[in-house]
Every structure is written in structure tokens, then in C-alpha cells.
Amino acid sequence: MHDSSNIIYELGDLLSYEQPTAYIVESTKYDDKYKIPVLTAGKTFILGYTDETTGIYDNLPVIIFDDFTTASQYVNFKFKVKSSAMKILIPNTELVNPKYIYYRMQIIQFDSSTHKRYWIQQYSKIKVAVPPLKEQARIVARIEELFSQLESGVETLKQTKAQLAVYRQAVLKEAFAHIEKKAPIRDLTTLVTSGSRGWAQYYSDRGALFIRIGNLTRTGIEINFDDIQNVFLPDRAEGLRSRLQPNDVLISITADLGSIGLVPETIPEAYINQHIAVVRFQNSNQGKFMAYYLRSDWGQKDLLKNKRGAGKMGLGLDDIRDTPVPVVSDDEAAEVLAEIESRLSVCDQIEQTVDAALQQAEALRQSILKKAFEGGL
């Protein structure tokens, strides 16, 4: 129930605005050792830290508002900003508790799909019901009490995910601990090569799949096809030599070194970029076994021992060819795989449950805010 003493205001009555021009950072050479954060109103929030000592905003607290997306952030510390595409909103504390109006803004439904500035002409005209300051303070306190409990649960879920990652590595380490006979990759493969450069000219909305480092993960051997690029190749493109086959093993050779991917049995036409190497084993039946081995602590240690470069690390193709991997029969490989997949499937089920709970936590955050401003707290 809404309190009868609520008064209807436009947001522009409760929040005056200041253009951020005087507070825009001059250099984007950020460093965590600097003290002043550079902010955006979007989810990233803190872009980095600057050592600049002028043009620092300190009339706190305020709400920073992205004028194009209507995203907002509550700020109670000194800052600079990256761009002029925002408004700095200053609460009228005689009418409104700063945290109250910030939380109220988080449940406003607003279509910001047109690329234009919204605050002055539209967003500031939105009307909200505002109770007396004492009631605002009570609502804020209750919201933050519930948010604190929610954050505690979220932190536990995140710790569970971290523990699952440790357990996965322990499963792999144990699975391969008994293997003694090994040989260099070069003796067991028909192909070790990397993708071609300059494929941006072939990018397309259709055509073959083009796998990049972002499609590999640090936690498993599955390729993530969610954000996949397509390429449309001419028949004589040089990169045809690196067309992928089922059970090929992929290894990142720059940036996030040692990420592993296994090409699935049902792969359509697909290629890799120059930051990934493809390893094709003579016995393709053991592709998954080898991928899990290279993902394990044992494989990572041998694979990365020859990484080169002081600043920008990299793996050469000969480094990969020299990496020792197990020599086992198909029966032994199948036995090891069955044990790995049995134990990792339990991890997968737990992780799915945790991910679902994390999504529910975000929905619950919105539910708490909604109830708060409908008189439900």
C-alpha cells in the first residue's frame, strides 16, 4: 500500500544535473596503483584508475546516468569520467534520500533503443511517488539488509564454482597419474599447424565457422559456439589447409596460453585463426583422451614449459610437437575417459544448479526493489 503522505515528483524535481565535461580524463593510460577511479554508468562501472589531480568530482554522493542507455550508478567516492555521454545527477536532499531515488530508478521500465540523449526531454519527466524522508531511510535500510543477505548467498555460490574448478583439475590429475609411457606429439600426429592471418576480409554473416581464442575455455575442452564468427571463403583461400576435422585438438598459442578445445564429431565446415594451433592425432579415436590430458596439470606443465617471450607470451608449433603425451591402447584410453566423464558429469550438474541460482539471485534483486516501492517491505 502506498502511504497517503507520498508526494508525486518528476525526477527532474528531485535530481539536478551537471554535464561531466570538466571531469573527463585526459589520458586513458590507467593503472591500478593510481588512486582516482574513472567511471562509466554502465555495468563496467570502474574503467580504470588515473593519476590525474585536476578535474576530480567530489560533491558526493551523486548518481551517474548514461544519457543514451539510461543505466545508472550510485557514487559516494571521488572520481573522473571517460566520456561526455552521461549526466551527473545531484539529489535534492531536502526532498529525497540519495540511495532511495537511486534504487527507485533501477526499476523504471524505459525504452532506450533509439540512439539519442534521454535525460532532459524524457527521463527527467518521469513521475515517482516519494514518501517522507524518514520512511525513505527505512526503505533504504531494509533494501540494503536484504541485499546484504543476498550477496552473502551469491558469494557462497561463487565460491562453490571456484571449488568445482579445482575439483575438475584434481579429477584430471588423478586420471593420468598412473601413465608412464609417453611420446612427443610429433610422433603421434599427422598435422600440427596454426590458422592463417588476415581472415577479417572473409568475415560474413554466413558460411564456415571461424574459431578464435574466445571460443576456447580455461576450464574444459568444449568449444563455446555462442559468439562464433562466420567466414565466407573463396575456393583458393590459403587457409583451406587448416580446415578442422572431428576429434582435432585445438590449443591457444598466444594470449591465454594453453586453452584447449576438442572439435566435436558433428562439426560443420570450420577453420581457426592464427592464435590457435590444431593438432590432429593419427588415431583420431583418442582425440578426446589427448584433449583431457593436455587440459590436465600434467599436460599443461609440459605444454607450457617452453613458452617464450618476456612481455607477450607465445607457443611455437615445435613447442607443441615436442610436448610429451601418453601412449596407451584404445581400451585404456576408453577406461580413463569413462572415469573422467563420470566424475565431471556430477560437476556439470552442480554447476548448472549454481548458475541457475545465480540467475535467480539477479531476479530476486529486482523483486526486492519492486516490493520496496510497492509498500511490500
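The values are calculated or read from the model by the stated rules, or taken from the named source; none is laboratory data. As the structure is a computational prediction, the values presented were derived from the model and not from experiment. So basically every Cβ, Gly included, is an ideal-geometry build from the backbone, and we count neighbours across all protein chains shown.
Listing for the model above:
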quantity	calculated
Checklist (1) touching a Lys or Arg at 6+ places or on another chain (Cβ under 8 Å); (2) farther than 30 Å from residue 100 by Cα; (3) not assigned by TED's automatic domain parsing to the domain that holds residue 232 applied to residue 163, failing item	(1)
Qualifying residue in region 354-370 (condition: out of contact with any Asp or Glu (no Cβ under 9 Å at 6 or more places or on another chain), more than 30 Å from residue 137 (Cβ to Cβ), assigned to a helix (DSSP H, G or I) and of a type outside the set (A, V, I, L, M, F, W, C))	yes
Single unsatisfied condition, residue 219 versus (1) assigned to a loop (DSSP other than H, G, I, E, B); (2) more than 25 Å from residue 304 (Cα to Cα)	(2)
Residue 266 more than 26 Å from the chain's Cα centre (by Cα), farther than 17 Å from residue 202 by Cα, at pLDDT below 95 and surrounded by fewer than 21 Cβ atoms within 10 Å (Cβ to Cβ)	yes
Output for region 289-323, where each listed residue is assigned to a loop (DSSP other than H, G, I, E, B), over 26 Å from the mean Cα position of the chain (by Cα), at pLDDT 85 or above and more than 24 Å from residue 333 (Cα to Cα)	305, 316
Filter result (hydrophobic (A, V, I, L, M, F, W, C) and surrounded by fewer than 19 Cβ atoms within 10 Å (Cβ to Cβ)) within region 214-232	225, 228, 232
Single unsatisfied condition, residue 333 versus (1) in contact with a Pro (Cβ under 7 Å, 6 or more places away or on another chain); (2) buried (at least 16 other Cβ atoms within 10 Å of the Cβ)	(1)
Breaking point among (1) surrounded by 14 or more Cβ atoms within 10 Å (Cβ to Cβ); (2) among the hydrophobic types (A, V, I, L, M, F, W, C); (3) modelled with pLDDT under 95, for residue 363	(1)
Breaking point among (1) surrounded by 15 or more Cβ atoms within 10 Å (Cβ to Cβ); (2) assigned to a helix (DSSP H, G or I), for residue 163	(1)
Which numbered condition residue 297 fails, given (1) surrounded by 16 or more Cβ atoms within 10 Å (Cβ to Cβ); (2) among the charged types (D, E, K, R); (3) within 19 Å of residue 220 (Cβ to Cβ)	(1)
Residue list for region 107-133, filter: aromatic (Phe, Trp, Tyr) and loosely packed, with under 14 Cβ neighbours inside 10 Å	110
Matching entry among 74, 103 (being under 23 Å from residue 116 (Cα atoms), out of contact with any Gly (no Cβ under 9 Å at 6 or more places or on another chain) and not small (Gly, Ala, Ser))	74
Boolean, residue 137 is under 26 Å from the mean Cα position of the chain (by Cα) and either surrounded by fewer than 19 Cβ atoms within 10 Å (Cβ to Cβ) or at pLDDT below 95 (or both)	no
Members of region 28-58 found to be in contact with a strand residue (DSSP E or B) (Cβ under 7 Å, 6 or more places away or on another chain), outside any strand (DSSP E or B) and not charged (D, E, K, R), listed by number	30, 34, 40, 41, 42, 45, 55, 56
Qualifying positions in region 198-214 - part of a helix (DSSP H, G or I) and touching a strand residue (DSSP E or B) at 6+ places or on another chain (Cβ under 7 Å)	199, 202, 213
Positions within region 166-207 being surrounded by 14 or more Cβ atoms within 10 Å (Cβ to Cβ) and among the small types (Gly, Ala, Ser), in sequence order	175, 194, 195, 196, 207
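Residue-wise test of (1) within 21 Å of residue 344 (Cβ to Cβ); (2) touching a Lys or Arg at 6+ places or on another chain (Cβ under 6 Å).
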| site | (1), (2) |
| --- | --- |
| 196 | no, no |
| 207 | no, no |
| 213 | no, no |
| 221 | yes, yes |
| 226 | yes, no |
| 242 | no, no |
| 262 | yes, yes |
| 266 | yes, no |
| 278 | no, no |
